[in-house]
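The values are calculated or read from the model by the stated rules, or taken from the named source; none is laboratory data. Not measured: the values here are computed from a predicted model. Virtual Cβ from ideal backbone geometry, glycine too; neighbours counted across all protein chains shown. The accessibility values were calculated without ligands, DNA or RNA, using every heavy atom of the protein model including side chains. Shrake-Rupley method; radii C 1.70, N 1.55, O 1.52, S 1.80 Å.
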Amino acid sequence: MNQLIFCIILKLQYYLDNLTAAMVENGDIEALLLTGASNDGLDLLQHYVEATSDVQTVSLVILHSLPSPFYLNVKVTAWVESYRNILNCWRLWHKRALFDIEWNKGLSTTAIAGPQLFVTCNYCGKSVS
């Protein structure tokens, strides 16, 4: 009986490993339930961004789901900066400010916060500086 249970557990583990690898490779964001907050989870998010160019979803998933040590990852920083730039282009400065407030709550005290104030031209949207 114990051998049968052990065999079933091994087959289940093999199936879950293969399923997770396939979902990560395809960028299926639902695989976050299988990978969790791990390097595999970051790889999954990378494949998702490559497949969809959806940095908003990835940025919000990171903001609300991943622990702060992931905030300083190079990939994560690039996604978040892209999302911030999108919010700026769409002139959603209030949403950008709310995002930055939540983001900076997750950063450690040793991290340097980015610029918090931007002065732009009302007509063309370019930076005044």
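Residue check, V49 against (1) at pLDDT below 90; (2) closer than 13 Å to V76 by Cα, all met but one. Which one?
(1)
Looking at (1) assigned to a helix (DSSP H, G or I); (2) open to solvent by 50 Å² or more (accessible area, probe 1.4 Å); (3) touching a residue at least 24 places away in the same chain (Cβ under 8 Å), which one does A37 not meet, given that it meets all the others?
The single condition A37 does not satisfy is (1).
Taking the residues in segment 112-129 that are among the polar types (S, T, N, Q) and open to solvent by 100 Å² or more (accessible area, probe 1.4 Å) as candidates, determine which candidate is modelled with the highest pLDDT.
Checked segment 112-129; the qualifying residue modelled with the highest pLDDT is N122.
When the residues of segment 90-111 are filtered to those that are of a type in the set (A, V, I, L, M, F, W, C) and part of a helix (DSSP H, G or I), which remaining residue is most open to solvent (accessible area, probe 1.4 Å)?
W93
State yes or no: is L66 more than 30 Å from C121 (Cβ to Cβ) and either surrounded by 13 or more Cβ atoms within 10 Å (Cβ to Cβ) or in contact with a Cys (Cβ under 9 Å, 6 or more places away or on another chain) (or both)?
It is true that L66 is more than 30 Å from C121 (Cβ to Cβ) and either surrounded by 13 or more Cβ atoms within 10 Å (Cβ to Cβ) or in contact with a Cys (Cβ under 9 Å, 6 or more places away or on another chain) (or both).
Any idea which of L19, L12 is loosely packed, with under 11 Cβ neighbours inside 10 Å, assigned to a helix (DSSP H, G or I), among the aliphatic types (A, V, I, L, M) and at pLDDT below 90?
Sole residue among the options that is loosely packed, with under 11 Cβ neighbours inside 10 Å, assigned to a helix (DSSP H, G or I), among the aliphatic types (A, V, I, L, M) and at pLDDT below 90: L12.
For every residue, the table says whether it meets (1) modelled with pLDDT of 90 or more; (2) open to solvent by 50 Å² or more (accessible area, probe 1.4 Å); (3) in a helix (DSSP H, G or I).
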position: L42; (1), (2), (3): no, no, yes
position: Q56; (1), (2), (3): yes, yes, yes
position: S59; (1), (2), (3): yes, no, yes
position: W79; (1), (2), (3): yes, no, yes
position: R84; (1), (2), (3): yes, no, yes
position: N88; (1), (2), (3): yes, no, yes
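Out of all the residues in segment 61-77, which are over 9 Å from the mean Cα position of the chain (by Cα) and outside any helix (DSSP H, G or I)?
Hits for segment 61-77 are P67, N73.
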